[in-house]
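Asker: Right, I'll just put the structure down here and ask away after.
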Amino acid sequence: MKDNLQTKFSTRQYMLSEDFEIYYYTDTALKEVGNHNHNYYEIYFFLEGNVSIEIKDTIYPLKHGDIVIIPPKVQHHAVIHNKEIPYRRFVFWITCEYLHNLVELSPSYGYIGRIISSNNGFIFHNDSIAFNTIQGKVFRLIEEIRTDRYGREAKISLCVNDLILHLNRTVYEQTHEKNVEEQQKLYRSLIYYIEDHLTEDLSLDILAKEFFISKYHIAHVFKDNIGISLHQYVRKKRLIACKDAIRSGTKISETYLLFGFKDYSTFYRAFKAEYGITPKEYAEYTEIKPSK
């Protein structure tokens, strides 16, 4: 983690800037701030700690990857359960006027405001893939604020707007009603494609380009349908293909390379973890003599 970008915690609960402020905090033995509210939006990106947040008399436990969006005039405060564990988070303050100006450019910037006002949902969970992308955007913004490079102000504005739009898109995709039939069609298409291309690169990036959708959406499709990640699914399919190839007499040294394992040690560990025996033991069990 980029420790040099951290900020010393302040109990100040008002903005110095006319537009936005962003901080990266890591604290232990932190004195709690009492119940309060703001006249601006406050967004938490939760990284670590044994912490909950109380909003409107409801306590929400937090876990890594959670985003908390607190609108103006809403009472809230953090509840620290264990002060020995580091409490790490990004805190992003942004004025209503700044957001209003963005919404005038495009209504897409205003989805978060609409969804929060309609159902009082404040916490949005994210898996590690989605949250890593958000963290990257936050760090780029903080780094740009700390720099003195040419075009700094313009780049900061771009980074802020990109982060806000990405948050709106993330919340929209989490809260928008899914088209089950469309999801199933995509899932089947992905399964058939993987089946036909086991010998090729099947990373999220490659599939995203092939199907013209985001890699985060693909990751969610697999989690929603079979409960495991794309990487786990592809590895299982490749191990089945390797097992069938070994049984049919293909050399072990050719098999693992053919089906996308870059080295023997990786293949060996995956095979043994999946089937409980080594590739050589399996070959001997099926009475095929491997030449490795």
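Asker: Given +1 on the Cβ of Lys and Arg, -1 on the Cβ of Asp and Glu, and no further charges, what dipole in debye does segment 44-199 carry about its Cα centre, rounded to the nearest 20?
Answerer: 320
Asker: Please report the projected area of the chain's Cα convex hull averaged over all directions, in nm².
Answerer: 19.8
Asker: Roughly how many Å is it from the Cα centre of segment 135-154 to that of segment 91-113, as a whole number?
Answerer: 20
Asker: Evaluate E = 1/(1 + (r/R0)^6) for GLU97 and GLN6, where r is the Cβ-Cβ distance and R0 equals 30 Å; express this FRET efficiency to the nearest 0.05.
Answerer: 0.60
Asker: A further question follows. How far apart, in nm, are the 7 Å Cα→Cβ label points at ASP19 and ASP263?
Answerer: 4.7
Asker: Compute the distribution of all C-alpha to C-alpha distances in segment 37-87, in bins of 5 Å from 0, and list the percent of pairs in each, rounded to whole numbers.
Answerer: Cα pair-distance distribution for segment 37-87, in percent: 5, 21, 29, 25, 14, 5, 0.
Asker: Could you tell me the relative contact order of segment 47-201? Use alpha-carbon pairs under 8 Å, at least six residues apart, and round to a whole percent.
Answerer: 21
Asker: State the percentage of accessible surface on the chain attributable to carbon and sulfur atoms; use a 1.4 Å probe and exclude ligands, DNA and RNA.
Answerer: 50
Asker: What whole-number value in Å² describes the accessible area per residue of segment 159-292 for a 1.4 Å probe?
Answerer: Value for segment 159-292: 60 Å² per residue.
Asker: Compute the accessible area per residue over segment 1-116, keeping the other protein chains in place, probe 1.4 Å, unit Å².
Answerer: Ligands and nucleic acids excluded, the figure is 51 Å² per residue.
Asker: Related question: Work out from phi, with θ = phi - 60° and the Karplus expression 6.51 cos²θ - 1.76 cosθ + 1.60, the ³J(HN,Hα) of each residue of segment 148-158, listed in order in whole Hz, and give x for Gly and Pro.
Answerer: Those phi angles translate into 10, 5, 4, x, 4, 4, 5, 5, 4, 4, 4 Hz.
Asker: Still on this structure, please answer the following. What are the ³J(HN,Hα) values, in whole Hz, obtained from phi via the Karplus relation 6.51 cos²θ - 1.76 cosθ + 1.60 with θ = phi - 60°, for each residue of segment 217-227 in sequence order, with x given for Gly and Pro?
Answerer: 5, 4, 4, 5, 4, 5, 4, 5, 8, 10, x
Asker: Now for a different question. For segment 225-292 and segment 161-209, what is the separation of their C-alpha centers, rounded to whole Å?
Answerer: Each part reduced to its Cα centre gives a spacing of 27 Å.
Asker: Moving on. For LYS137, go through the lysines and keep the ones whose alpha-carbon is under 24 Å away, minus same-chain ones fewer than eight residues off.
Answerer: LYS2, LYS8, LYS63, LYS155, LYS209, LYS215
Asker: Projected onto the charge dipole of the chain (+1 at Lys/Arg Cβ, -1 at Asp/Glu Cβ, origin at the Cα centre), which of LEU239, VAL103, GLN174 gives the Cα projection farthest towards the positive end?
Answerer: LEU239
Asker: Could you work out how far apart the two model spin labels at ILE85 and GLU104 are, taking each label as a point 7 Å from the Cα in the direction of the beta carbon, and quote it in nm?
Answerer: So the two model labels end up 4.5 nm from each other.
Asker: Taking square-rooted eigenvalues a ≥ b ≥ c of the alpha carbon gyration tensor, is segment 12-58 rounded, prolate or oblate, where a/c under 1.5 means rounded and, failing that, a/b exceeding b/c means prolate?
Answerer: Oblate, because a/c is 1.5 or more while a/b does not exceed b/c.
Asker: Calculate the tail of P(r) for segment 19-145: the fraction of all Cα-Cα distances greater than 26 Å, expressed in %.
Answerer: Here the tail beyond 26 Å accounts for 19 percent of pairs.
Asker: May I ask for the net charge around ILE80, where only other residues with Cβ less than 13 Å from the Cβ of ILE80 are counted and Lys, Arg are +1 while Asp, Glu are -1?
Answerer: -1
Asker: So which lysines can LYS56 reach, going by Cα to Cα under 16 Å and dropping same-chain residues fewer than 8 places off?
Answerer: LYS73
Asker: Now, a different point. Using label points projected 7 Å from each Cα along Cα→Cβ, tell me how many nm separate THR199 and LYS280, to one decimal.
Answerer: 2.7
Asker: In addition: For the chain, what is the mean residue ellipticity at 222 nm derived from helices alone (per DSSP H run of n ≥ 4: -39500 (n - 2.57); sum divided by total residues; nearest 500 deg cm²/dmol)?
Answerer: -15500 deg cm²/dmol
The values are calculated or read from the model by the stated rules, or taken from the named source; none is laboratory data. What you are looking at is a predicted structure, and each value in this text was computed from that prediction instead of being measured. Here Cβ is always computed from backbone atoms with ideal geometry, including for glycine, and neighbour counts include all displayed protein chains. We work out accessible area using only protein heavy atoms, side chains counted, and drop any ligands, DNA or RNA first. Shrake-Rupley method; radii C 1.70, N 1.55, O 1.52, S 1.80 Å.
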